[in-house]
Amino acid sequence: MLGDKRGRKLDQYVTEYVVFDLETTGTNCVNDAVIEISAVKVQEHRVVDEFSTLVNPERPIPYYATQINHIDDSMVEDAPLFEEALADFDGFIGNMPLVGHNIHTFDMKFIWRDAEEYWGKTICNDYIDTLPLARQCLPELSNHKLSDLANHYQISTEGAHRALSDCRMNQKIFEKLGEALDSPEVRKHLKICPRCGQFLRKRSGRYGEFWGCSGYPACRYTENM
């Protein structure tokens, strides 16, 4: 949903959401371009719709990117430009919360950047990043990549690193993380910021330890311990 203000990052489970994923020409959210965008829409734990399209980045796709996502120049030659694809994606997601893995530091930056460039507006949907959720729910794992989480939950990784396959995989993972967040074992170690919905973390200040919002500096909520 387009608006004037970027959506908030939430650290919680919701029952209705859209999982999305991007494939890009590289990892630089300033200079690189999107070459695939996919999404799955979920209502009450069930996938009800899917969206997926390749994107013509109007530049050659680097060899190292093709090695990871298996998308080459010939595949995107006749694909729509991202302005059209992003408009279709915006219509697909409506005002539903977005879910994705590592989207706080990667995917959201691409769609915010390009929406603002194309239309002078931004994607204002709230969003949930499964990477920090997994770190909180599964601290015993040494790595929290999408494939590591899929292996932990015995979810198939077939087709990994293509956007729609990663969306389907991450949707199953998010449901598992939702169950974990609701378990007494995990809940007793978690505190959620009542102001913005992100995790509170133990911090140290000049007067000792306190609870501080992980969304700092955007959110400056604190609690005494």
Study note, to complete from the structure: In the chain, helical segments from DSSP H whose Cα atoms cover 30 Å or more along their own axis and that average at least 1.0 on the Kyte-Doolittle scale are none
Revision key, fill the gap. So for R0 = 35 Å, FRET eff. of Glu77-Ser156 from the Cβ-Cβ r, to 0.05, ends up at 0.70
**Study point:** MRE, 222 nm, helices only [DSSP H, n ≥ 4, -39500 (n - 2.57), over the chain, to nearest 500]
**Key:** -9500 deg cm²/dmol
Practice item. Could you please report the charge total around Ala65, scoring K, R as +1 and D, E as -1 over all other residues with beta-carbon less than 14 angstrom from its beta-carbon? Key: -3
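Please work out how much length the chain gains when fully extended from Lys5 to Arg220, using 0.36 nm per residue of separation minus the C-alpha to C-alpha distance, in nm with one decimal.
Additional length available on full extension: 75.5 nm.
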**Study point:** Cys with no candidate disulfide partner in the chain (beta-carbon separation under 4.7 Å rule)
**Key:** Cys29, Cys124, Cys137, Cys167
Review point. By the scheme Lys and Arg +1, Asp and Glu -1, what is the net charge of all other residues having a beta-carbon under 11 Å from that of Thr105?
Key: 0
Practice item. Find out how many positive minus negative residues lie around Arg46, taking Lys and Arg as positive, Asp and Glu as negative, among other residues whose Cβ is under 11 Å from that of Arg46. Key: -3
Point to revise | Gyration tensor verdict on the range 122-200 (Cα atoms; rounded if a/c is under 1.5, prolate if a/b is larger than b/c, oblate otherwise) | key: oblate
Exercise for review: Under a 10 Å cutoff between Cα atoms, tell me which one of Asp90, Asp182, Asp107 has the largest fluctuation in the Gaussian network model of the chain.
Suggested key: Asp182
Review point. How far is the Cα center of the range 197-222 from the Cα center of the range 2-67, in Å?
Key: 30 Å
Revision key, fill the gap. Filtered pair list for the chain (Lys only, Cα < 16 Å, 8 or more apart or interchain) has a length of 10
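Values quoted throughout were computed directly from the atomic coordinates according to the rules given, and no laboratory measurement underlies them. Model, not experiment: these values are computed from the prediction. Cβ atoms come from the backbone with ideal geometry, glycine included; neighbour counts cover every protein chain shown.
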